[in-house]
Amino acid sequence: MDITNQIESLGIVPVVKIDDAKDALPLGKALVDGGLPVAEVTFRTDAAEESIRILAENYPEMLVGAGTVLNVENVDKAVNAGAKFIVAPGFNPEVVDYCLSKNIPVYPGVNSPTQIEMGISRGLKVLKFFPAEASGGLKTLKAVSAAYGDLRFMPTGGISRDNIGEYLRFEKILACGGSWMVSGDLISGGKFDEIARLANEAVLSAIGFEFAHVGINSADEKTAGSFVNSFRRLFGMDGKEGNSSFFIGKDIEVVKSPFLGAHGHLAIKVNRMSLAKAYLEKQGVFFDESTAKYKGGKLIAVYLKEEMNGMAVHLVQA
């Protein structure tokens, strides 16, 4: 898996500022334990180079990169220390061209069509959108990116637990950069257990597991229709009919024929299917790929292999 695909598979890139290299080792453990084995170590302190080396040497399972890279000298320092990718706050042609000449993955910062086209002219497929919220956030990114086909972005700046899910639902976003789970105060204060907790919380916020609806199996279409009509008459809830089921509101699906699950099914919506599947697979969950549904080449629904208390369970793209 190449670097860009690895970043996409993680969904979040913690942006880390380390003042003392001694904190790199416990920080790496906290991120790995929290299920977020990736770090963009910013070249804003003298400890950056050594911190990258410590992380790269001690945590081979981590994807370690360098951020706030402003010159070619720091590119060399970062890569020699073990950084696998370079991130810059702006579009510095010298830095970008140097990285490209050395086949080093680079993600320069942009926030305008002119800067985006500088990246496109060099064949870049992913650009950092920075500072994301200060530049108009997701609304601006959607408007600006509409003209640029398959180009994708890594928004950074103002991304938090509260808005990361909304960002990741936009298909042109590869991943988001954020620092709320690795703040300078937490690192310098040695609060690595808290960082691990916040990292795991960030992973779950990115996935966004949320109840979507419950499905009720019926013997046949007539039985399903009778149930739905009675439910609507008694409780005044509107609904609609589809090809294979009826919906009562948004929360109850009545299937027109026997279906998966001894008692029915539960649907769980997620912000991004790939993140949700990868997370559950790490927990030992298996999926019934024969149930997978796709739209535009993207997975939008799939069932877990095992039932839970007689209920089939499937993920659905939010």
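One residue alone among S257, S245 is more than 30 Å from the chain's Cα centre (by Cα), buried (at least 16 other Cβ atoms within 10 Å of the Cβ) and among the hydroxyl-bearing types (S, T, Y), and that residue is S245.
Number of residues in region 1-38 that are assigned to a loop (DSSP other than H, G, I, E, B) and more than 14 Å from Y107 (Cβ to Cβ) equals 10. Number of residues in region 125-144 that are in a strand (DSSP E or B) and either outside the structural domain of N92 (by TED's automatic domain parsing) or of a type in the set (A, V, I, L, M) (or both): the value is 2. Of all residues in region 249-271, those satisfying the criterion of being of a type in the set (G, A, S) and either assigned to a strand (DSSP E or B) or assigned by TED's automatic domain parsing to the domain that holds R169 (or both) are G264, A267. The numbered conditions (1) closer than 30 Å to M311 by Cα; (2) outside the structural domain of E307 (by TED's automatic domain parsing) are all true for V228 except (2). For region 187-220, the set of residues classified as in a loop (DSSP other than H, G, I, E, B) and touching a His at 6+ places or on another chain (Cβ under 9 Å) consists of N217 only.
Only residues that are in contact with a Ser or Thr (Cβ under 7 Å, 6 or more places away or on another chain) and either surrounded by fewer than 19 Cβ atoms within 10 Å (Cβ to Cβ) or at pLDDT below 95 (or both) were counted across region 43-58, and they come to 1. Selection of region 145-185 for residues being surrounded by fewer than 20 Cβ atoms within 10 Å (Cβ to Cβ), assigned to a helix (DSSP H, G or I) and hydrophobic (A, V, I, L, M, F, W, C) yields only W180.
Within region 17-41, residues that are in contact (Cβ under 8 Å) with a residue 60 or more places away in the chain have Cβ atoms under 8 Å from residues that are of a type in the set (D, E, K, R) in these pairs: K17/R44; A30/D193; G34/R197; G35/K282, counting only partners at least 6 apart in sequence or on another chain. When E73, E61, E40 are screened for being modelled with pLDDT of 95 or more, within 18 Å of N200 (Cα to Cα) and surrounded by fewer than 19 Cβ atoms within 10 Å (Cβ to Cβ), only E61 passes. Of the residues contained in region 50-60, none is found to be touching a residue at least 12 places away in the same chain (Cβ under 8 Å), basic (K, R), touching an Asp or Glu at 6+ places or on another chain (Cβ under 8 Å) and assigned to a helix (DSSP H, G or I). So which residues in region 86-101 are assigned to a helix (DSSP H, G or I) and either within 18 Å of F153 (Cβ to Cβ) or in contact with a strand residue (DSSP E or B) (Cβ under 8 Å, 6 or more places away or on another chain) (or both)? The answer is V95, V96, C99, L100.
The values are calculated or read from the model by the stated rules, or taken from the named source; none is laboratory data. Please read these numbers as outputs of a predicted model, since none were measured by experiment. Positions of Cβ are backbone-derived with ideal geometry, glycine not excepted, and every protein chain shown enters the neighbour counts.
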